[in-house]
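Quick note: the coordinates plus some simple rules give every number you see, no bench work behind them. As the structure is a computational prediction, the values presented were derived from the model and not from experiment. All Cβ positions, glycine included, derive from the backbone under ideal geometry; neighbour counts span all protein chains shown.
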Amino acid sequence: MAVPERVITNDDLSQIMDATDEWISLRSGVKQRHLSLPGHGSSELAALAGTAAIKDAGLHESQIDALITATMTPDYYAPGIAAVVQERIGLAAIPAFDLRQQCCGFLYGLDLADSLITSNRAENVLVIGAEAHVGFFPWGKPEQDGSFPVPDEKQREVNNRTRGWSVLFGDGSGAMVVRKAEGNDGVIASRLFTDGSQSGLILVPGVGSTQQPYVDQAQLDSELHLPLMDGAGLYRSAVRLMPEAVRQVCEKAGVEVSSLELVIAHQAIDRILEGVRKHLDLPAEKVPSNIARYGNTTAGTLPILFHELRQQGQVGPGALVCFTAFGAGAHWGAILYREPAANPPARN
């Protein structure tokens, strides 16, 4: 995993908007978030996490057969970050995929990696979820040290109007190497879904190909470049559909939900995680949260949390883990995974 060094606490945000630590914490569970400095984007975080994952797997960059990156915050309108990350890491001229399933991006990436491996099109696939959300935050132009200006009355009104979503997100990246191996460990089953009728739950209405030109001052003045978020609708869908997907993938694999050691759920807000626990009848230790320290890192949440749990010794050999996420689109699903007893030997 990789996160920016800069940490912004809720108390820091209280200086630029009318939002106290208590107000933010009660609504989201977020206490702090890591934010990138100007000039540093999601590809940089992706490359750092990806390089660390390759090293952790005991491989060399030349042994990676395919790269999958998931982000909703690419460095540029075009291209996506996959090619940029491929060059940053020093990978060969391998296929590199860009996924845009937002909060569900890493889950879709894992499924694609498994498909490439089981179809014998790759043996070692690097999957990365990375986000640099800070560019979306309409808090005024930051200084080079990342500090935000003391807002005047007009800027403070903007900060207050958008605080419902802007305080939730943080920057960060996580990566995994998915490797071909014998036996029944690793990815066991997956269920993925998309429902375009829910595309309005999270939407950036401007700065796209339907606009001519795709960006102009009128759109910026109307704040069409900023996300619109139906918080209540997102909550209702996420707390229903993530547990439903977990049950479905467990049924597909013939295992009981109660036999899961861990459910690695998308880290949106703590209230959603509480709903997932309730619907699955699982305790907090089986559906853990790191939202307080990172906020919602969108495509980065699943691999960041999984990495931390591995580091803490909570993903032992044979552990049955279910990854689940819900994101804009709407996209959602679940992947069932069993931690191998040992890493497969690296190929020459």
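Would you work out the charge dipole size for the chain about its Cα centre, treating the Cβ of every Lys and Arg as +1 and the Cβ of every Asp and Glu as -1, and quote it to the nearest 20 debye? Write out the running numbers ahead of the final one.
Working: 28 positive and 40 negative charges, 133 e Å.
Roughly 640 debye, rounded to the nearest 20.
Taking the chain as the reference, fit the longest principal axis to its C-alpha atoms, fit the long axis of helix 42-56 to the helix C-alpha atoms, and give the angle between the two in degrees, 0 to 90, nearest 10.
20
Excluding residues on the same chain fewer than 8 positions from Lys141, give the lysines whose Cα lies under 27 Å from its Cα.
Answer for Lys141, where 27 Å is the Cα cut-off: Lys31, Lys154, listed by chain and number.
What is the Cα convex hull volume of segment 205-287 when expressed per residue in Å³?
Working: hull volume 9.9 nm³, N = 83.
In segment 205-287, the Cα convex hull volume per residue is 120 Å³.
In segment 125-224, what chymotrypsin sites (Phe, Trp or Tyr not before Pro) fall in a loop by DSSP, with at most 13 other Cβ atoms inside 10 Å? All intermediate terms of the calculation are to be shown ahead of the outcome.
Numbers: sites: Phe136, Trp139, Trp165, Phe169, Phe193, Tyr214; in loops: Trp139, Tyr214.
Passing both the DSSP loop test and the Cβ count: Tyr214.
So how strong a dipole does segment 7-179 carry about its Cα centre when Lys and Arg Cβ are +1 and Asp and Glu Cβ are -1, to the nearest 20 debye? Could the numbers behind the result be given before it?
Values: 13 positive and 22 negative charges, 55 e Å.
Around 260 debye, computed over segment 7-179.
So which GluC sites (Glu not before Pro) in segment 1-86 pass both tests, a DSSP loop state and at most 16 other Cβ atoms within 10 Å of the Cβ?
Working: sites: Glu5, Glu22, Glu44, Glu61; in loops: Glu5.
Sparse-neighbourhood loop GluC sites (Glu not before Pro): Glu5.
For the pair Ala181 and Arg161, how long in nm is the line joining their label points, each one 7 Å along Cα→Cβ?
Simple spin-label model gives 5.2 nm for this pair.
Quote the FRET efficiency, to the nearest 0.05, computed for Ala83 versus Ala284 with a Förster distance R0 of 45 Å and r equal to the Cβ-Cβ distance.
Values: r = 40 Å, r/R0 = 0.90.
Efficiency, from the Cβ-Cβ distance: 0.65.
What distance in nm separates the simple spin-label points at Ile94 and Asp56, each placed 7 Å from Cα in the Cβ direction?
Here the modelled spin labels are 1.6 nm apart.
Taking the Cα atoms only, what angle lies between the long axis of helix 105-118 and the longest principal axis of the chain, rounded to 10 degrees?
20
Between Asp230 and Leu37, what's the calculated FRET efficiency when r is the beta-carbon distance and R0 is 25 Å? Round to 0.05.
On the way: r = 31 Å, r/R0 = 1.25.
Plugging the Cβ-Cβ distance into 1/(1 + (r/R0)^6) gives 0.20.
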